[in-house]
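Colleague: Structure incoming, see below.
The values are calculated or read from the model by the stated rules, or taken from the named source; none is laboratory data. Not measured: the values here are computed from a predicted model. Cβ coordinates were reconstructed from backbone atoms using ideal geometry, including for glycine residues, and neighbour counts include every protein chain displayed.
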Amino acid sequence: MLSDEKTTQPSTPSLAQAPKGCCSPFFIIKVIVILFMIGGGYWLYTNKSSTTTNPSVEKSRMSRTSSVVTAKVTQGDVPIYLKGLGTVAPLATVTIKSRIDGQLMNILYTEGQLVKKGDILAQIDVRPYTILLAQAEGQKLKDQALLDNALIDLKRYQDLLAQDSISKQIVDTQIALVNQYRGTLQIDTASIENTKLQIEYCTIKAPMSGRVGLQTVDVGNMIRTSDASGIAVITQTEPIVALFSIPEDTISPVLQKLYTHAKLPVDAYDRADKMKLSSGQLISADNQIDSTTGTLKLKAQFDNHNQTLFPNQFVNIHLLVDTQHDAFLIPTAAVQHGVPGTFVYKLKEDSTVTVAIIKTGAIVKDHIVVESGITLNDTVVVDGVDKLREGAKVTVISKDSSGGKKAGVSKNASKSDAQP
């Protein structure tokens, strides 16, 4: 019957049942991916090759210019300095002590005051020594009277001896007595002078000019000659000295000039090495090198009239050892270091640059001495060197940062800060 008939419909095969071979979906996808990768790689290769081998592109890249700042080579006299850290020291230091025992009656100085030699600093009670002086003078008068009487007796005895009225022994005894009184009188005179000296010591005076330190004893105290601290301390600050050291490999030219009594100027700068405090000259050197540091200690003296140097102050010392005349100078920013060595980019007439190997010398503030490799008429690149190479074309923004004048050091520049 019709209801009993089974209807058969074609079924769609599943992916798992897809036919295997070159027409399978997996195979087609793999082929597409492989072809895409090959095409992309070929495109990258051909694009890079065309860029690097295209003469027009290369020419365009070579013709690209860089903006730079240049400066002309200058010429001048360069002072060569040796630098060292130094310590200021007074030329002399004196502890003021009393030379007698007594009560301190008055102090006539102010702490930190500048005093001159002979100024009165303090006063000790003089009354005990005035009494001693009166006693000594009275004793002298007494002994003088005894001597006068002995001389009268001697005269009388000599007259009697001439008359053969007394023995010679009496005369000799009287002569000895006269000499004894004369000796006593001489002792009395020395005692008076000693007491006067003690009275003079009651007034304590400055033995030298300098600056007085802090007060160590107050008025009313008993002071003695055995006191270790004394009354005050005076340091001589005009002139004043500075002790500093230089490396042993730089001492030869310094000692040669020092031993020939040549004057080597010395400048003292503050601790930050920015402000010059005073100027002086080298006066002496130590007799041996410090083996632990490999340095030689030197001493410089300064007038210090303006009192800018203070004992135990740390200063930076600049010792002028030589002057390099007619030296070539360029800004330090122009100097480069690389595989060729030390070099600069030198500007040519066709607005291109070339590498010039140089030999440098002393540094003068923001300039440096060039001993070889450039001439006075050369122009070097100061700014923009990081974009340059040999033969590169440049556009100059400013040919001379100093406006056509010599930069840094002029002829006979005596205030330049050069160091070897």
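Colleague: Do we have any residue at all in the stretch 116-127 that's out of contact with any strand residue (DSSP E or B) (no Cβ under 7 Å at 6 or more places or on another chain) and either buried (at least 18 other Cβ atoms within 10 Å of the Cβ) or among the hydrophobic types (A, V, I, L, M, F, W, C) (or both)?
Modeller: Checked the stretch 116-127: at least one residue is out of contact with any strand residue (DSSP E or B) (no Cβ under 7 Å at 6 or more places or on another chain) and either buried (at least 18 other Cβ atoms within 10 Å of the Cβ) or among the hydrophobic types (A, V, I, L, M, F, W, C) (or both).
Colleague: Scanning the stretch 374-409 for residues that are buried (at least 18 other Cβ atoms within 10 Å of the Cβ) and on the phi > 0 side of the Ramachandran plot, which turns out modelled with the lowest pLDDT?
Modeller: The selected residue is Gly408.
Colleague: Residues in the stretch 260-268: is at least one surrounded by fewer than 15 Cβ atoms within 10 Å (Cβ to Cβ), charged (D, E, K, R) and not in a strand (DSSP E or B)?
Modeller: Yes: the stretch 260-268 contains one or more residues that are surrounded by fewer than 15 Cβ atoms within 10 Å (Cβ to Cβ), charged (D, E, K, R) and not in a strand (DSSP E or B).
Colleague: Can you find, within the stretch 288-338, the residue that is nearest to Val381 (Cα to Cα) among those that are free of Cβ contacts under 8 Å to residues at least 60 places away in the same chain, part of a loop (DSSP other than H, G, I, E, B) and of a type in the set (A, V, I, L, M)?
Modeller: Step by step, filter the stretch 288-338, then rank; the result is Val335.
Colleague: Scan (1) in contact (Cβ under 8 Å) with a residue 12 or more places away in the chain; (2) surrounded by 11 or more Cβ atoms within 10 Å (Cβ to Cβ); (3) closer than 21 Å to Glu238 by Cβ for the single condition Lys276 breaks and write down its number.
Modeller: It is condition (1) that Lys276 fails.
Condition check ((1) over 21 Å from Leu264 (Cβ atoms); (2) modelled with pLDDT of 95 or more; (3) touching a Phe, Trp or Tyr at 6+ places or on another chain (Cβ under 9 Å)) across all residues:
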{"position": "Ser63", "(1), (2), (3)": "yes, no, no"}
{"position": "Gln75", "(1), (2), (3)": "yes, no, yes"}
{"position": "Ile80", "(1), (2), (3)": "no, no, no"}
{"position": "Val88", "(1), (2), (3)": "no, yes, yes"}
{"position": "Ile96", "(1), (2), (3)": "yes, no, no"}
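Colleague: Still on this structure, please answer the following. Would a scan of the stretch 86-96 turn up a residue that is out of contact with any helix residue (DSSP H, G or I) (no Cβ under 7 Å at 6 or more places or on another chain), more than 30 Å from Thr354 (Cβ to Cβ) and not in a strand (DSSP E or B)?
Modeller: yes
Colleague: State all residues of the stretch 109-166 that are within 30 Å of Ser209 (Cβ to Cβ), among the hydroxyl-bearing types (Ser, Thr, Tyr) and part of a loop (DSSP other than H, G, I, E, B); if no residue qualifies, say none.
Modeller: Scanning the stretch 109-166 gives Tyr109, Thr110.
Colleague: How many of the residues in the stretch 183-230 are part of a loop (DSSP other than H, G, I, E, B) and either of a type outside the set (A, V, I, L, M) or closer than 13 Å to Val115 by Cβ (or both)?
Modeller: 17
Colleague: Consider Ala136 carefully, then state whether it is under 30 Å from Thr93 (Cβ atoms) and in contact (Cβ under 8 Å) with a residue 24 or more places away in the chain.
Modeller: no
Colleague: So which of Gln103, Gln75, Gln139, Gln135 is in contact with a Leu (Cβ under 7 Å, 6 or more places away or on another chain) and more than 29 Å from His305 (Cβ to Cβ)?
Modeller: The conditions single out Gln75.
Colleague: While we're here: Could you tell me whether any residue of the stretch 339-358 is touching a residue at least 40 places away in the same chain (Cβ under 8 Å), part of a loop (DSSP other than H, G, I, E, B), touching a strand residue (DSSP E or B) at 6+ places or on another chain (Cβ under 7 Å) and charged (D, E, K, R)?
Modeller: Within the stretch 339-358 (the criterion being touching a residue at least 40 places away in the same chain (Cβ under 8 Å), part of a loop (DSSP other than H, G, I, E, B), touching a strand residue (DSSP E or B) at 6+ places or on another chain (Cβ under 7 Å) and charged (D, E, K, R)), the answer is no, since none of the residues qualifies.
Colleague: Consider Leu197 against the criteria (1) surrounded by fewer than 17 Cβ atoms within 10 Å (Cβ to Cβ); (2) more than 30 Å from Gln281 (Cβ to Cβ); (3) in contact (Cβ under 8 Å) with a residue 24 or more places away in the chain: it satisfies all of them except one. Which criterion is unmet?
Modeller: In the conditions (1) surrounded by fewer than 17 Cβ atoms within 10 Å (Cβ to Cβ); (2) more than 30 Å from Gln281 (Cβ to Cβ); (3) in contact (Cβ under 8 Å) with a residue 24 or more places away in the chain, Leu197 misses (3) alone.
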